[in-house]
Amino acid sequence: MKLVPEKHAVPETSGYTLVELMVAVSIGILLAGGGVFLLVEAARENLRTVADATVEQESAQLQARIQGLLRQMSSAEGAVFILPVSEVVGLPTGFQAVIVGRGPTPDFPRAELRFDPQTGRVWFRENRLQPATETTLFENRPGRVVLRQLVFAPSLKADGSTDNGLIRVFMEMDDDGFGRRRPEMNSARVLRSFVVKMRNA
């Protein structure tokens, strides 16, 4: 008896149609594009956060240094303001430098705290007649953090007279475009205004 071999069924294979392939590729491109967009936005937000934190930290440190130096000075000696500037927000009169002293001369030389708007440098000179006693408190880092303005001004007493033992300070600092924001929407721009009282002795 002759056996007839069974015919095995061959499974039918079906491929993707051109339309299905186009739809799949389009969805893949959309998903990949969305992922890249999210990565770019995350990197941009991270850059802005770094810019904000840098400017905030630098301005806080500069304020602390200025306060620490001026508080050590004697209010009995008072303060002499030099290098006047105009158009300062919130201040009728402002100056780029102030001369102070820890005590009476000649035992205590006059010290000077100054801002150079050309370089953005802030320095303190323990003895204003000796450049070797100079210390840098802040220096601009273009493209990262820039001090636009630092102004000193005397305070006024209740009777309208000048109180040279109480010094007002105004400063403006920003990230110099590091956060890639439009200038009018730059949250990394910091404005600080504070008052420092020199010691009584």
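The values are calculated or read from the model by the stated rules, or taken from the named source; none is laboratory data. This is a predicted model, so every value here is computed, not measured. Reconstructed Cβ throughout: ideal geometry from the backbone, glycine too, with neighbour counts over all protein chains shown. Heavy atoms of the whole protein, side chains included, go into the accessibility calculation; ligands, DNA and RNA do not. Shrake-Rupley method; radii C 1.70, N 1.55, O 1.52, S 1.80 Å.
Among the residues making up the range 94-111, those that are open to solvent by 10 Å² or more (accessible area, probe 1.4 Å) and at pLDDT 90 or above are Phe95, Gln96, Ile99, Pro109, Arg110. Only a single item in (1) at pLDDT 90 or above; (2) crowded, with 18+ Cβ neighbours inside 10 Å is not met by Gln72, and it is number (2). Taking the range 112-165 as the region of interest, the strands (runs of 3 or more DSSP E) fully inside it that hold 3 or more residues being open to solvent by less than 40 Å² (accessible area, probe 1.4 Å) are 121-125, 146-156.
If we scan the range 117-130, do we find a residue that is in contact with a strand residue (DSSP E or B) (Cβ under 8 Å, 6 or more places away or on another chain), of a type outside the set (S, T, N, Q), in contact (Cβ under 8 Å) with a residue 24 or more places away in the chain and under 17 Å from Ser193 (Cα atoms)? Yes, the range 117-130 contains a residue that is in contact with a strand residue (DSSP E or B) (Cβ under 8 Å, 6 or more places away or on another chain), of a type outside the set (S, T, N, Q), in contact (Cβ under 8 Å) with a residue 24 or more places away in the chain and under 17 Å from Ser193 (Cα atoms).
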